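**Student:** Supplied in structure tokens, the structure appears directly below.
The values are calculated or read from the model by the stated rules, or taken from the named source; none is laboratory data. Small disclaimer: the values here were computed from a predicted structure and weren't measured. Positions of Cβ are backbone-derived with ideal geometry, glycine not excepted, and every protein chain shown enters the neighbour counts.
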């Protein structure tokens, strides 16, 4: 069931948060050994939260519509009482874990059941999910394939129906990549819309957002996690928006740009191009005006690379040699290259980012939304960094559509738009104007209703 369905049944007392939590824990215990979505579980704590939630529902006093709904938490987000090891052997587990990240704190206040911490590549550095600490996480649609990353553990948990909701982070596509690979919905909100603490070492590229099977479920999660937290000095002013209530806003009359390749050379699988073009046609049938046009600015990959690699250098560059030896070799190499980036080049990249973001905002004055493929490929074999050439740019060759919107900070979502010939999910990216998170959720919901894939389940799960 979706979170929306669970909440409705809690309200009518036809289902209990205790029953749902127990079902999730049982399913995880039975099936997660072959998926490896979770890196930390605490069944007693989850059951205790569910029991308290059941009491509130029976008394007619739930804390929110998500009271009692299980949520998976990516292991980059601090969670009081549970270790946050960030997929790394360099993080000491024997310390006091006494702080919740803002999103986790808001979920507790809403009564949600934290079902466990999910796997991530080390410090969330790449678009696949494996790490020296937690090993390889697999895609439920094909266990030989990656679920994507870096929120791959959360995506795998959702695809395997271990829980209905999850938290992810996205610094270069880390919510949208696994959402596309696993046939899910994922939203990278406008930067600052969802408070974060501590700030990612990758700076203002990094966002926190919801993942789920449906846009409506993510809208319900946004109602909770967008609430203010004074620790985030980048946070946007809080507006008490009901994203779930606004999700049925019509698409008729909306102006939509469709860009199959973002105006630069990108090697996109032909069947992805075909599915995404068909998805763009569906928006026309929903009453929108769709124009095929490329946004300005060309390929911003060089700019992103300078900023992302610098973040890795700042995070890990001062580690002693024996500690560096514990790192994922790819991350260690990235950090070394990041340290070598000069201040002049870093500032030049920051300036280039500003120019790119300004040009995109001007472009979006003409359009309500921009449609692109989410990714250039479907899920590929685990333990590969890229199915394309190893050119030193890590995952960037197959993520040309996600990276730009971390630079511009616009809201961007991935919604399933079909399957490849070999049965792997394909995602459509819907990008909105800066701050129009509600609009992106509504456009995603309208597309889901026109072309629903959210009930499709991986075989064997």
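**Student:** Which of the residues belonging to the stretch 409-422 are surrounded by fewer than 24 Cβ atoms within 10 Å (Cβ to Cβ) and touching a strand residue (DSSP E or B) at 6+ places or on another chain (Cβ under 9 Å)?
**Tutor:** 409, 418, 419, 420, 422 - these are the residues of the stretch 409-422 that are surrounded by fewer than 24 Cβ atoms within 10 Å (Cβ to Cβ) and touching a strand residue (DSSP E or B) at 6+ places or on another chain (Cβ under 9 Å).
**Student:** Any residue that is surrounded by fewer than 22 Cβ atoms within 10 Å (Cβ to Cβ), closer than 19 Å to residue 427 by Cα and in contact with a strand residue (DSSP E or B) (Cβ under 9 Å, 6 or more places away or on another chain) - is there at least one of those in the stretch 114-134?
**Tutor:** Scanning the stretch 114-134, I find no residue that is surrounded by fewer than 22 Cβ atoms within 10 Å (Cβ to Cβ), closer than 19 Å to residue 427 by Cα and in contact with a strand residue (DSSP E or B) (Cβ under 9 Å, 6 or more places away or on another chain), so the answer is no.
**Student:** Report yes if residue 79 is closer than 14 Å to residue 198 by Cα and either touching a strand residue (DSSP E or B) at 6+ places or on another chain (Cβ under 9 Å) or touching a residue at least 60 places away in the same chain (Cβ under 8 Å) (or both), otherwise no.
**Tutor:** Yes: the conditions hold for residue 79.
Residues are listed down the side, and each one gets a yes or a no for (1) surrounded by 14 or more Cβ atoms within 10 Å (Cβ to Cβ); (2) at pLDDT 95 or above; (3) closer than 19 Å to residue 204 by Cα; (4) touching a helix residue (DSSP H, G or I) at 6+ places or on another chain (Cβ under 7 Å):
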{"residue": "288", "(1), (2), (3), (4)": "yes, yes, no, no"}
{"residue": "324", "(1), (2), (3), (4)": "yes, yes, no, yes"}
{"residue": "340", "(1), (2), (3), (4)": "no, yes, no, no"}
{"residue": "363", "(1), (2), (3), (4)": "yes, yes, no, no"}
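**Student:** With the checklist (1) free of Cβ contacts under 8 Å to residues at least 40 places away in the same chain; (2) farther than 27 Å from residue 220 by Cα in hand, flag the one item residue 290 doesn't pass.
**Tutor:** It fails just one condition, (1).
**Student:** Show me the helices (runs of 4 or more DSSP H) found entirely inside the stretch 343-461 where at least 2 residues are under 18 Å from the mean Cα position of the chain (by Cα) and under 18 Å from residue 211 (Cβ atoms).
**Tutor:** Ranges flagged: 403-408, 437-450.
**Student:** Tell me, please, whether a residue that is touching a strand residue (DSSP E or B) at 6+ places or on another chain (Cβ under 8 Å), assigned to a loop (DSSP other than H, G, I, E, B) and either under 30 Å from residue 459 (Cα atoms) or without any contact (Cβ under 8 Å) to a residue 24 or more places away in the chain (or both) can be found in the stretch 14-24.
**Tutor:** no
**Student:** Also, I was wondering about something else. Going by what's in this entry, would residue 427 be described as in contact (Cβ under 8 Å) with a residue 12 or more places away in the chain and on the phi > 0 side of the Ramachandran plot?
**Tutor:** Taking the combined requirement at face value, the residue does not satisfy it.
**Student:** Now for a different question. Say whether the condition of being surrounded by fewer than 19 Cβ atoms within 10 Å (Cβ to Cβ), at pLDDT 95 or above and on the phi > 0 side of the Ramachandran plot is met by at least one residue in the stretch 10-30.
**Tutor:** yes
**Student:** Could you please give the count of residues in the stretch 65-90 that are part of a loop (DSSP other than H, G, I, E, B) and under 23 Å from the mean Cα position of the chain (by Cα)?
**Tutor:** Total satisfying the criteria: 16.
**Student:** So, one more: For residues that are closer than 21 Å to residue 155 by Cα and out of contact with any strand residue (DSSP E or B) (no Cβ under 6 Å at 6 or more places or on another chain), scanning just the stretch 423-436, find the one that is surrounded by the most Cβ atoms within 10 Å (Cβ to Cβ).
**Tutor:** 424
**Student:** Which ones in the stretch 322-331 are outside any loop (DSSP other than H, G, I, E, B) and closer than 12 Å to residue 90 by Cα?
**Tutor:** Residues satisfying the conditions are 322, 323, 324.
**Student:** Residue 43: in contact (Cβ under 8 Å) with a residue 24 or more places away in the chain and in contact with a helix residue (DSSP H, G or I) (Cβ under 8 Å, 6 or more places away or on another chain), yes or no?
**Tutor:** Against the criterion (in contact (Cβ under 8 Å) with a residue 24 or more places away in the chain and in contact with a helix residue (DSSP H, G or I) (Cβ under 8 Å, 6 or more places away or on another chain)), residue 43 does not qualify.
**Student:** When residues of the stretch 36-54 are filtered for being assigned to a helix (DSSP H, G or I) and touching a strand residue (DSSP E or B) at 6+ places or on another chain (Cβ under 8 Å), how many remain?
**Tutor:** Residues meeting the conditions: 5.
**Student:** Additional query: Tell me, please, whether a residue that is touching a residue at least 40 places away in the same chain (Cβ under 8 Å), surrounded by fewer than 21 Cβ atoms within 10 Å (Cβ to Cβ) and either closer than 26 Å to residue 333 by Cα or within 15 Å of the chain's Cα centre (by Cα) (or both) can be found in the stretch 96-111.
**Tutor:** No, the conditions are met nowhere in the stretch 96-111.
**Student:** What strands (runs of 3 or more DSSP E) lie completely within the stretch 158-264 and have 1 or more residues being surrounded by fewer than 24 Cβ atoms within 10 Å (Cβ to Cβ)?
**Tutor:** 255-258
**Student:** Are any residues in the stretch 293-321 in contact (Cβ under 8 Å) with a residue 24 or more places away in the chain, in a loop (DSSP other than H, G, I, E, B) and either touching a helix residue (DSSP H, G or I) at 6+ places or on another chain (Cβ under 6 Å) or more than 20 Å from residue 400 (Cβ to Cβ) (or both), and if so, which ones?
**Tutor:** 295, 296, 297, 300, 319
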